[in-house]
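The structure appears below as C-alpha cells.
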Amino acid sequence: MEVPFVIWTDVLKKEIFIYSKLIPMYRELQKDAGVAENDLIDCVPKYMGHRYTMKKDGKEVDDQSLLLMENIKVLGYYICDRKKSLDFHHATLALTALARYHALGVVLAQKRPHDFEKAKRETATLGFVADEFEKGYDSLLQTFEEGPRFAKHLPKIRAAFATVKKGKLISGAKEPWITIIHGDFWTNNLLFHKNDYGEIDSVKFVDFQMCLYSSPCRDLAYFLFCSFDQELFDRLDELLELYFKKFTDTLRCIGCDTAVFTRRSFDEDFKNQTSLGFPMFVLCIKYFTYEVSEEEEKDREILKSVLRSKCSELCKEKYTRLCEMYEERGWFQSL
C-alpha cells in the first residue's frame, strides 16, 4: 500500500477552521475598529456549514466529512488557466487582498492574543507526509544533475534541496513577520470577478488546506515564483511595494503598531523565504508545465504522477530562467 503525500482528514479540519472561525474573527476585529461593513474582509466564498463525520457525537474528521461553501461561479467568478501566468492586473488584485488577509492575522495577535494562540494550534498540523515529500524532491534534484545545462548552478541547487531534509522548508519564519498564511496561494486557488465594464473587481481565496502559522512572505514568494511570469518579475519591486504598503496600511487602519514592520526587515524576510522556497517552486513549475489528463486532475495523489514524470523542455527552460534570477538577485546566498 502506497503512503499518501497528503493526510486529507487533517488538512480539511484546518480549512474548516479558516472559513468558520478565523475569517469571522477578522471581521469582528475590523468592526471593533470602526471599519465600515462594506470594507470588511471578504476574500472567501460564504461558509454554509460542515460536518466532520456521520458518526454520532463524532469529533474526528473521516471520509464522510463535508464542507459546504457558496457556489460563486454562478455569480460570474472564474479561475484563470493554470498553464498561463496571471497578468499584472490579476496579480495586483490578488496580492492586495493577500496583504490584507496577512495583516489581519498580525492584528489578531496584537489585539486578541488568546484567539491568535488558538489559531496557531488549529493550523499547526502540516497535513503532508514529510518523508514522501523528501523522496519526491530527490527525484526533482536528478533533473538538475543530468547533463551540463545546470552545471554552474548545481552546488547551490544541491544546497537548496538540502534544506528540505533539514526541515527548513516548513520553518524559517521569524518575528515580526509571522501570521496565519494560506500555504497554497496560486492560480488554481483564486477566483476572480469582473464588473459590467470588464474590469477585475473582486478575488476570492479557496483551498486553505495547507494554511500554516508562518511568514507572510512565504505566500508572497510562492505566488510569484510558482507562476514565474516574466512580466511579473520585470515589475517585481513594484509588486513588493504594493504588498508592503497594503499590509502596513491595514495595520494602521486598525490602530496597530507598525514600527517593527520596516521595509528593510520585509525585504530581508522575502529574501529568506525565497531562498528556502526554491525546492517548492521547482516542484510547482513542473506541475504547471505538466500535461494533466482529466482523470489525473481528479486524483488526490496527482503530485506523485508529476514527480515521476519527465521534465518537459518548457519546464527546463523555466528552471534555467529561475536559476539565473536566483544568481542575479543573490537569493541562493541566504541558504
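List of remarks:
- Qualifying residues in segment 28-86 (those that are acidic (Asp, Glu) and farther than 22 Å from ASP10 by Cβ) - the one modelled with the lowest pLDDT: ASP81
- Residues of segment 260-273 satisfying the condition of being in contact (Cβ under 8 Å) with a residue 40 or more places away in the chain and part of a loop (DSSP other than H, G, I, E, B): VAL260, PHE261
- In the set PHE223, PHE205, PHE233, PHE247, only one residue is among the aromatic types (Phe, Trp, Tyr) and surrounded by fewer than 20 Cβ atoms within 10 Å (Cβ to Cβ); that residue is PHE233.
- ARG112 in contact (Cβ under 8 Å) with a residue 12 or more places away in the chain, among the basic types (Lys, Arg) and within 30 Å of ASP237 (Cα to Cα): no
- Segment 68-119 - residue that is in contact with a Pro (Cβ under 9 Å, 6 or more places away or on another chain) and assigned to a loop (DSSP other than H, G, I, E, B) and, of those, surrounded by the fewest Cβ atoms within 10 Å (Cβ to Cβ): ASN71
- Test for LEU29: is it among the aliphatic types (A, V, I, L, M), touching a strand residue (DSSP E or B) at 6+ places or on another chain (Cβ under 6 Å) and within 20 Å of GLU122 (Cα to Cα): no
- The residue that is modelled with the lowest pLDDT, counting only those in segment 120-150 that are among the polar types (S, T, N, Q) and crowded, with 18+ Cβ neighbours inside 10 Å, is THR143.
- Those residues of segment 42-66 which are of a type in the set (A, V, I, L, M, F, W, C) and surrounded by fewer than 17 Cβ atoms within 10 Å (Cβ to Cβ), in sequence order: MET48, MET54, LEU66
- Any chance GLU2 is closer than 20 Å to TYR101 by Cβ, touching a helix residue (DSSP H, G or I) at 6+ places or on another chain (Cβ under 9 Å) and either surrounded by fewer than 14 Cβ atoms within 10 Å (Cβ to Cβ) or at pLDDT below 85 (or both): no
The values are calculated or read from the model by the stated rules, or taken from the named source; none is laboratory data. Model, not experiment: these values are computed from the prediction. Cβ coordinates were reconstructed from backbone atoms using ideal geometry, including for glycine residues, and neighbour counts include every protein chain displayed.
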